1. Would you mind computing Rg(Cα) / (2.2 N^0.38 Å) for the chain, counting N as its residues?
2. Against the longest alpha carbon principal axis of the chain, how many degrees, from 0 to 90 and to the nearest 10, is the axis of helix 52-66 turned?
3. Determine how many Å³ per residue the convex hull of the Cα atoms of region 51-96 encloses.
4. Rounding to the nearest 10 and keeping the result within 0 to 90°, find how far the Cα-based axis of helix 125-143 lies from the longest principal axis of the chain.
5. Quick one: if you stick a label point 7 Å off each Cα along the C-beta vector at residue 84 and residue 127, how many nm between them?
6. Mind checking which of 154, 14, 102 has the largest fluctuation in a GNM of the chain, springs on alpha carbons under 10 Å?
7. Note down the relative contact order for region 28-93 as a percent, whole number, built from C-alpha pairs under 8 angstrom at least six residues apart.
8. Relative contact order of the chain, please, whole-number percent, based on alpha carbon pairs below 8 angstrom and at least 6 residues apart.
């Protein structure tokens, strides 16, 4: 089983994915890291040297590979992975997709001091986040089997929400999940 996390940059895909993978005994694969391994350089450098279209070509190849049957991973995609229709179709058809939905204002609160995301190195980062959200939210919704609102919940609470949806859908045997996380403290009971 492959579980895919989609959403805006900074919504928590990598963090939630790491905890979710641990609880399900699966491997976490960060789509952007896989792309960087393939291209042999940081995405930002590749973007500057070759342009967005070339980057999206590589991203599409990586998504096709990672969403192939039998992967058994938690895949944290890049924020723009949904921009191409073949990626959306492949993820929706071949994986169980969770959209970690955050508003632009929530993302701005989380990322306002982040100097590593090229996306935010603009005169008005909140405006940029709002523009991206308007463009991408419908695409995330189109590909997602489940939408998880990330607003104020802690990471353990978000992981529990994903696990609950997987159990309700009959995709995960409750006995397979080692132990639920106490959402109030973030600690495992015991």
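Here, each number is a calculation from the coordinates, and none is a lab measurement. Note that the coordinates shown come from a computational prediction; the quantities given were computed from them, not determined experimentally. Quick reminder, even Gly has a Cβ in these numbers, built from the backbone with ideal geometry, and neighbours come from all protein chains shown.
1. 1.02
2. Taking Cα atoms only, the helix is inclined about 20 degrees.
3. Working: hull volume 3.0 nm³, N = 46.
Each residue corresponds to 65 Å³ of Cα convex hull volume.
4. Helix 125-143 and the main axis of the chain meet at about 60 degrees.
5. Inter-label distance under the simple model: 3.1 nm.
6. The residue with the greatest mean-square fluctuation here is 154.
7. 43
8. On the way: 280 pairs, mean separation 53.9, N = 190.
For the chain, the relative contact order is 28 percent.
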